[in-house]
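The values are calculated or read from the model by the stated rules, or taken from the named source; none is laboratory data. Note that the coordinates shown come from a computational prediction; the quantities given were computed from them, not determined experimentally. With ideal geometry, Cβ positions are generated from the backbone for all residues, glycine too; neighbour counts draw on all protein chains shown. Ligands, DNA and RNA are stripped out before the accessible areas are found, and what is left, the full protein with its side chains, is counted by its heavy atoms. Shrake-Rupley method; radii C 1.70, N 1.55, O 1.52, S 1.80 Å.
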Amino acid sequence: MEKKTKLTGKEWTEIKRKKKLLKKKRLEEKLAKKIKRDQEAERKVSEEEVKEQIKTNDDYTVSIAVPGSILANAQSPELRTYLAGQIARAMVVFNVDEVIVFDESGQSLNDKESFKGITSKGNPNIQLARILQYLECPQYLRKSFFPKHVDLQYAGLLNPLDCPHHLRMQEWCKYREGVVVNRPVSKDNPSSYVNIGMLKEARVDKQLSAGIRVTVKLKQDEPNDKLKYYSGKVVSPSSPRSEAGLYWGYSVRLAPSLGAIFSQSPYPDGYDICIGTSEKGTSIDQFQMPKFNHLLVVFGGLKGLESALDVDPDLHTDDPSHLFDHYLNTCPNQGSRTIRTEEALLITMSGLRSRIHEAMSCDM
């Protein structure tokens, strides 16, 4: 019989090390399988939640109109910027689709000579609109669309909106905002490359001019390090909400007067429900929201909607309540003589939120 060779200490150490590595590898594989199962379970739950959201008819839109003059009441450039940030936060918290900044002073928005920047008393309507647009834009696109400007000097003070389309580089979503980059493509295959805020660009099926902001729907369901670029197609900015139940930010529109809010509506049939807010209106406690396609809520400035009505030559009425389907007092029995517009936004939308959801639920 052959004698068994006795292992040395070093050999025993090597065997133990290999066993530990094998055990560690098996444990890692087991954990990876568990993580994958958990992710699949979470994905199924999220898909069910999205389906429930889509059931509640997300085809409707909510628009809010505010006067740019509210910035003129702020005491410093920093406070003007912060006030605009409060307005933007209120818009996204309540899933507002369109923000209209209107001029209640009667001066034309095209008067560029009166605009001297945020550090002096220029045109507050343009200042507010620019800051609202800047905040709505995803962080990785801001350098492409917003060159250095005095209005954005204190933008670093503002709280981020953190909307679903403000994605981090490592976050995955089927939809992403992007900017078309100037990169050569084959003439036989018309397409464009889009910077979507990830390590790899996306190639879309349309030939577009560089510098355009687009919404991209990716064909891949998860990140893939083996791909040179992601593939996708350009879709409407409303697609993430209508198809996946994702709030996708707001658009900003400038209106030269109170009447232009209604006459320059982007919707072919205009707004089917218009609500004005005033302490002279009827109490919101008795208000029941009817079903709608496009809802508009208008807020006044320091002097109320009456001031904007007086300077608008196209509106032939002395009573602002005649302009709206409903003229509401959203904070009856208020303890202060005045309610600031940024406060009125939160109070009003808090009161309307449940009424909107009830009106637009599928049971109606």
Query raised in the report: If you scan region 291-342, which residues turn out to be charged (D, E, K, R), out of contact with any helix residue (DSSP H, G or I) (no Cβ under 7 Å at 6 or more places or on another chain) and within 30 Å of SER238 (Cβ to Cβ)?
Result: ASP325
Requested in this report: Give ILE212, ILE275 a once-over and let me know the one that is open to solvent by 60 Å² or more (accessible area, probe 1.4 Å), among the β-branched types (Val, Ile, Thr) and either within 30 Å of ASN123 (Cα to Cα) or touching a residue at least 24 places away in the same chain (Cβ under 8 Å) (or both).
Outcome: ILE212
Report summary line: The lone condition ALA84 fails out of (1) closer than 16 Å to ASN125 by Cβ; (2) within 25 Å of the chain's Cα centre (by Cα); (3) at pLDDT below 80 is (3)
Requested in this report: Starting from residues that are among the acidic types (Asp, Glu) and buried (at least 20 other Cβ atoms within 10 Å of the Cβ), keep the ones in region 120-175 and report whichever is modelled with the highest pLDDT.
Outcome: GLU136
**Report entry** Selection count where residues are outside any helix (DSSP H, G or I) and in contact (Cβ under 8 Å) with a residue 60 or more places away in the chain, scope region 341-364
**Finding:** 3
Query - Test: PRO190 is open to solvent by 80 Å² or more (accessible area, probe 1.4 Å) and over 16 Å from the mean Cα position of the chain (by Cα) - result: no
Query - Search result, residues across region 294-323 that are open to solvent by 20 Å² or more (accessible area, probe 1.4 Å) and in contact with a Gly (Cβ under 6 Å, 6 or more places away or on another chain) - result: VAL311, ASP314, LEU315
Query - So SER251, is it in contact with a Pro (Cβ under 9 Å, 6 or more places away or on another chain), crowded, with 19+ Cβ neighbours inside 10 Å and small (Gly, Ala, Ser) - result: no
